[in-house]
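The values are calculated or read from the model by the stated rules, or taken from the named source; none is laboratory data. As the structure is a prediction and not an experimental result, all values here were calculated from the model. Note: ideal-geometry Cβ built from the backbone for every residue, glycine included; neighbour counts use all protein chains shown.
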Amino acid sequence: MMSTIYLHNIILINAISKVISQVGGNLKNLKKLKGLSQDRFSKLADISYNTVIKMESSGINHPSIDRLQNYPKPLV
């Protein structure tokens, strides 16, 4: 039998995964509105090109706070 804490952790992980995939989708849409390519955005945000690709495709499930803090810079 699964413990209540285990079930709560599974629910929390699923919720976080959904939010992260929304971040990737929002990032892609905002980049498009600003006319930024993945390459240009990665340079402006000081993150790797591969990270941008992975975020937009939900390939990164647990991005660091530091990484997320850099995302808005080129979008403002």
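Summary table below
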{"item": "Residues of the range 25-56 classified as surrounded by fewer than 12 Cβ atoms within 10 Å (Cβ to Cβ) and not acidic (Asp, Glu), total", "result": "4"}
{"item": "Elements of type helices (runs of 4 or more DSSP H) in the chain, at least 3 residues being modelled with pLDDT of 70 or more", "result": "4-34, 38-45, 49-56"}
